[in-house]
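*Asks:* Got a structure for you, questions after.
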Amino acid sequence: MQGLEAIEGMDTLYRTLPPELQHWHRFGRILSLVYETRFDEQQLCTQPVLCMLLTDRQGRYRIRLTLYGVSGTVSFDTANGLFSGLAIEDFSDCGYEADSRFRVSSLEQDLDFTIYCARIRAELLG
């Protein structure tokens, strides 16, 4: 999770999560995955949004990730049922356009989960 300070709410995650859980791959259970459109009051338009509720293996901590302005691919192979967590990369230094600043992908090789988005908000739930 280090180096992703541009994600809204990361300061709370850094302060609250124990050091061994401050890695996205530790949150490998997706409890909820919702795709919808929302009105963006800053840009005055609707945009696609992906909301995920993640938890660590023990279920002690839950994080809601909200990805705004999403594009990409989500495909699950339900035959093996494995998901080993996420990788999130910030491409702001690479000269990418603002609508694809972050890439969120799966660490599992048989899942096609690659999402690009403009911004991310992370919330630690009680």
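The values are calculated or read from the model by the stated rules, or taken from the named source; none is laboratory data. Owing to the predicted nature of the structure, the values given are computational and were not obtained by experimental measurement. Every residue, glycine among them, receives a Cβ derived from its backbone with ideal geometry; neighbour counts consider all protein chains shown. Side chains included, ligands, DNA and RNA excluded: accessible areas come from the protein's heavy atoms. Shrake-Rupley method; radii C 1.70, N 1.55, O 1.52, S 1.80 Å.
*Asks:* Go through segment 5-16 residue by residue and turn each phi into a ³J(HN,Hα) via Karplus (6.51, -1.76, 1.60, θ = phi - 60°); whole Hz please, and just put x for glycine and proline.
*Replies:* Using θ = phi - 60°, the values come out as 5, 6, 7, 4, x, 5, 4, 5, 4, 4, 6, 9 Hz.
*Asks:* In whole Hz, with x marking every Gly and Pro, tabulate ³J(HN,Hα) for segment 112-126 from phi via Karplus 6.51 cos²θ - 1.76 cosθ + 1.60, θ = phi - 60°.
*Replies:* Ordered by residue, 3J(HN,Hα) equals 9, 9, 9, 10, 10, 8, 7, 8, 9, 10, 10, 10, 8, 9, x Hz.
*Asks:* What are the residues whose amide H is under 5 Å from the amide H of Arg119, where those residues sit 5 or more places off or on another chain and H is modelled from the backbone?
*Replies:* Those qualifying (amide H under 5 Å, at least 5 residues apart or on another chain) are Tyr68.
*Asks:* Give me the distance in nm between label points sitting 7 Å out from Cα along the Cα-to-Cβ direction at Arg121 and Ser92, one decimal.
*Replies:* Going from the Arg121 label point to the Ser92 one covers 1.7 nm.
*Asks:* Hey, what's segment 35-78 come to in accessible area per residue, 1.4 Å probe, Å²? Walk me through the intermediate numbers first.
*Replies:* Values: 2750 Å² over 44 residues.
Per residue, segment 35-78 has 63 Å² of solvent-accessible surface.
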